[in-house]
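Here the structure comes first, spelled out in structure tokens, and everything after it is commentary.
The values are calculated or read from the model by the stated rules, or taken from the named source; none is laboratory data. Predicted model only: the values in this text are computed from it and were never measured. Counting neighbours? That spans all protein chains shown, and the Cβs are built from the backbone with ideal geometry, glycine included. Just so you know, the surface numbers come from the protein's heavy atoms only, side chains and all, with ligands and any DNA or RNA stripped out. Shrake-Rupley method; radii C 1.70, N 1.55, O 1.52, S 1.80 Å.
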Amino acid sequence: MAGSLLSAAPLTAIAVVAGPAAVVVTVVLVASVLSGVGRSVQDISVAATFVAAVPVSLRAQVRGAYQTISFGVRPVGAVLGGLAGQSVGLRPAVLLATAGGLLAFLWALPSLRSGAPRGPRGAPEAAAGR
């Protein structure tokens, strides 16, 4: 969840930055680097989750399905982002996109419930029987 938040949060600065070109370039650069760090944290977390929760015999298939979905929706998002930028303007479209990115972690919140049984290495009990 931290990676999801860190990959989206810095990009809000890009939508609101104004001023001299040096300031804008600096903010865009710093926001892009921080977002990249967040994406790396997110990718590492996903890989660790696969190792903890997916049986060895299924890891290639699960990773392939994950990457197909993950990379497959990017062109759709690019087209929708372009259409949003054209219809409502660049700054509102970037704010809308970053708001969506900031909310993306919500799907994982139910997994944080305190009473969830845990298996080896913190994996959910259902995955422990690999």
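Residue-wise HN-Hα couplings along region 10-21, as the Karplus relation 6.51 cos²θ - 1.76 cosθ + 1.60 with θ = phi - 60° gives them from phi, are x, 6, 5, 5, 5, 6, 10, 5, 8, x, x, 4 Hz; Gly and Pro carry x.
Adding -39500 (n - 2.57) for every DSSP H run of four residues or longer, then dividing by how many residues the chain holds, sets the calculated 222 nm ellipticity at -23000 deg cm²/dmol.
Within the full protein context, the accessible area of Arg91 is estimated at about 120 Å² for a probe radius of 1.4 Å. Considering the dipole of the chain built from charges on the beta carbon (Lys and Arg +1, Asp and Glu -1) around the Cα centre, which of Ala2, Leu80, Val30 is farthest to its positive end? Ranked along the dipole, the leading option is Ala2.
With contacts taken as Cα pairs under 8 Å and at least 6 residues apart, the chain reaches a relative contact order of 34 percent.
Counting only protein heavy atoms and a probe of 1.4 Å, the accessible surface of the chain is 74% carbon and sulfur. The residues of the chain present an accessible area of 65 Å² per residue when probed at 1.4 Å with all protein chains retained.
Which listed residue (Ala13, Val62, Pro92) has the Cα farthest towards the positive end of the charge dipole for the chain, taking +1 on Lys and Arg C-beta and -1 on Asp and Glu C-beta about the Cα centre? Result: Val62. Phi angles across region 60-77 convert, under the Karplus curve 6.51 cos²θ - 1.76 cosθ + 1.60 with θ = phi - 60°, into 3J(HN,Hα) values of 5, 5, 5, 5, x, 5, 4, 5, 4, 5, 4, 7, x, 7, 4, x, 5, x Hz, Gly and Pro given as x.
Relative to its residue count, the chain spans a Cα convex hull of 118 Å³ per residue. About its Cα centre, the chain has a charge dipole of approximately 280 debye under the convention of +1 per Lys or Arg Cβ and -1 per Asp or Glu Cβ, with nothing else charged.
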